[in-house]
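The structure appears right after this line, and notes come after that.
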Ligand SMILES: [Zn+2]
């Protein structure tokens, strides 16, 4: 299974893994995983060592410290402790950057 997003990760080769030289991502044994993007919920391939992730509190579905009203409050240690890193696809990273600035 290949997606256009998988190709995006080839832009971040790790020299230590010998990923240079047009090695097809299918034969890359370094650990490409398929996951669901936190932002848009679609599946995409990513390298866990390279992918950008979003720290999400499973109780609220939002990053710790962020309320549903998108206002900031101090993140409690409990919220941070139970939060998990979820992968975010490059498209959503781009969108997030555009909205941030
Ligand atoms: Zn996404």
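Scanning segment 36-51 for residues that are near the ligand (Cβ under 10 Å from one of its atoms), assigned to a loop (DSSP other than H, G, I, E, B) and out of contact with any helix residue (DSSP H, G or I) (no Cβ under 7 Å at 6 or more places or on another chain) gives 38, 41, 42. Of all residues in segment 33-85, those being crowded, with 18+ Cβ neighbours inside 10 Å, at pLDDT 85 or above and touching a strand residue (DSSP E or B) at 6+ places or on another chain (Cβ under 8 Å) number 11.
The values are calculated or read from the model by the stated rules, or taken from the named source; none is laboratory data. Note that the coordinates shown come from a computational prediction; the quantities given were computed from them, not determined experimentally. Virtual Cβ from ideal backbone geometry, glycine too; neighbours counted across all protein chains shown.
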